[in-house]
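The values are calculated or read from the model by the stated rules, or taken from the named source; none is laboratory data. These figures come from a predicted structure and were not determined experimentally. Please note: Cβ atoms are built from the backbone with ideal geometry, for glycine as well, and neighbour counts cover all protein chains shown. All accessible areas refer to the heavy atoms of the entire protein, side chains included, with ligands and DNA or RNA removed. Shrake-Rupley method; radii C 1.70, N 1.55, O 1.52, S 1.80 Å.
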Amino acid sequence: MAVSAAQRRNIRYTTFALAGVIALMLGMFVRQFINPAQLDPAWLRTHNTVLFEAPRQIDAPRLIDQDARPFDGSAFTGKWSVVYFGFTYCPDVCPTTLTLLRQVEDGLKPAQGARRPVAFYLSSVDPARDTPAQLKPYVAHFSPNFSGLTGEFLDVHRFATQLNTPFRKSLLPDGGYTVDHGSNLALIDPRGQFAGFVTPPFDVAKITELLEVMRSRP
């Protein structure tokens, strides 16, 4: 069947439009690696990421890690850190997220040259049950490189509040409890400042790409 002039014109317009969209997306992608200090807002949105115009100072946390060593945040210096708030008794969301972060860790390139290391933390929102002895085998199950953080309730709450992560205890019918909590991934820059966060739904490839860009920034 013959194609009319109008149909040919519509096909050309559609082809040009698709080419324009593809060129725009490629330009956004390339721009991050040519000039990573200037991250494109549209590119960040496609990666479910919010970066603050100026990173936020946070008070030194008064926590302990999975080895019961004091943690004051100095370990954040010199690397990018991803902090996820959860707890070891979490039935599904927390293990799913930590499994995803292990896949992100596996996909990152080795730290060398201008490419800074990336560290991953599970910061407990259930310090009453998440002792260092409970945290250590739990985080190690997902990755030997992951760190766990816990401490006194008020210190845990203060740290989570600074990183914009609310949480609260929720009673269960059987008399036990769970903990409802925010699911964002907090991003700590190499100066130990709160730089922004990644929101769900999480995608391994996008988070890996984001961290590769961030860790190479000046």
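Suppose we filter segment 152-165 for residues that are open to solvent by 20 Å² or more (accessible area, probe 1.4 Å) and more than 16 Å from the chain's Cα centre (by Cα); how many remain? Outline the logic, then answer.
Here is the first cut: in segment 152-165, the residues open to solvent by 20 Å² or more (accessible area, probe 1.4 Å) are 152-155, 157-158, 161-162, 164.
Next, from what is left, pick out any that are more than 16 Å from the chain's Cα centre (by Cα): 152-155, 157-158, 161.
Summing the residues that are open to solvent by 20 Å² or more (accessible area, probe 1.4 Å) and more than 16 Å from the chain's Cα centre (by Cα) in segment 152-165 gives 7.
Does segment 73-102 hold any residues that are exposed (fewer than 15 other Cβ atoms within 10 Å of the Cβ) and either of a type in the set (Ser, Thr, Tyr) or in contact (Cβ under 8 Å) with a residue 40 or more places away in the chain (or both), and which are they?
Of everything in segment 73-102, those that are exposed (fewer than 15 other Cβ atoms within 10 Å of the Cβ) and either of a type in the set (Ser, Thr, Tyr) or in contact (Cβ under 8 Å) with a residue 40 or more places away in the chain (or both) turn out to be Ser74, Thr77, Gly78, Pro91, Val93, Thr96, Thr99.
Within segment 115-130, is even one residue open to solvent by 30 Å² or more (accessible area, probe 1.4 Å), modelled with pLDDT of 95 or more, over 28 Å from Leu39 (Cβ atoms) and not aromatic (Phe, Trp, Tyr)?
Yes - at least one qualifying residue is present in segment 115-130.
Asn164 fails exactly one of the following numbered conditions: (1) outside any strand (DSSP E or B); (2) touching a strand residue (DSSP E or B) at 6+ places or on another chain (Cβ under 8 Å); (3) among the polar types (S, T, N, Q); (4) in contact (Cβ under 8 Å) with a residue 40 or more places away in the chain. What is the number of that condition?
The single condition Asn164 does not satisfy is (4).
Inside segment 44-72, can you point out the residues that are touching a Ser or Thr at 6+ places or on another chain (Cβ under 9 Å) and open to solvent by less than 30 Å² (accessible area, probe 1.4 Å)?
Answer for segment 44-72, where residues must be touching a Ser or Thr at 6+ places or on another chain (Cβ under 9 Å) and open to solvent by less than 30 Å² (accessible area, probe 1.4 Å): Thr49, Pro61, Leu63, Asp65, Gln66, Phe71.
Can you name every residue in segment 192-215 that is in contact with a strand residue (DSSP E or B) (Cβ under 7 Å, 6 or more places away or on another chain) and under 15 Å from Arg115 (Cα atoms)?
Leu210, Leu211, Met214, Arg215
Go through segment 166-192 and give me each residue that's buried (at least 16 other Cβ atoms within 10 Å of the Cβ) and farther than 19 Å from Leu100 by Cα. Can you show your working first?
Within segment 166-192, the subset buried (at least 16 other Cβ atoms within 10 Å of the Cβ) is 167, 179, 181-190, 192.
Across segment 166-192, the qualifying residues are Phe167, Val179, Asp189, Pro190, Gly192.
Being of a type in the set (A, V, I, L, M) and farther than 24 Å from Pro55 by Cα is the requirement here; does Val179 meet it? Before you say what the answer is, go through the steps one by one.
Values: of a type in the set (A, V, I, L, M): yes; farther than 24 Å from Pro55 by Cα: yes.
In short, yes.
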